[in-house]
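Below is a structure I'd like to ask you about.
The values are calculated or read from the model by the stated rules, or taken from the named source; none is laboratory data. What you see is a predicted model; the values in this text were computed from it and never measured. In this analysis, Cβ positions are derived from the backbone assuming ideal geometry, glycine residues included, and neighbour counts consider all displayed protein chains. Accessible surface is based on the protein model in full, side chains and every heavy atom, while ligands, DNA and RNA are left aside. Shrake-Rupley method; radii C 1.70, N 1.55, O 1.52, S 1.80 Å.
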Amino acid sequence: MAMIELLYQKFYRQLYLYALTFVGDEDEAKDTVSEVFADICKTWSTGGADSHRQPSASFLYKSTRNRCLDRLRRRLLAGAV
């Protein structure tokens, strides 16, 4: 089994629930976590600086939080326009 699959199985549910507390919408929370894992796959496939390292739990949570905050900012800006 690939490393990304192991990470996904281990952390998806926890990250989903974490994202849900930020965005308050199940679909948005799922999309957010999927984007985090997609970014990891992209980094690994392009041989980025961290392509040889497994992301830590804290990295996954920070990435999820940052993605959620981006979504909330976009939501706020869309409502302000």
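At q = 0.18, 0.19, 0.22, 0.25 Å⁻¹, what log₁₀ I(q)/I(0) does a Debye calculation on the Cα points of the chain give, no solvent, two decimals?
-0.73, -0.80, -0.99, -1.18
Sort F59, F11 by accessible area with a 1.4 Å probe, largest first. Let's see the in-between values first.
Details: F59 95, F11 20 Å².
From most exposed to least exposed: F59, F11.
Before I look further, what does the chain give for accessible area per residue, probe 1.4 Å, in whole square angstrom?
67 Å²
Now a separate question. Label points 7 Å out from Cα along the Cβ direction at D70 and E35: separation in nm?
Between D70 and E35, the simple spin-label model gives 0.5 nm.
With the full set of protein chains in place, find how many percent of the accessible area of the chain is carbon and sulfur; take the probe as 1.4 Å. Present the calculation step by step, with values, prior to reporting the outcome.
Working: 2990 of 5460 Å².
Heavy-atom surface of the chain belonging to carbon and sulfur, 1.4 Å probe: 55 percent.
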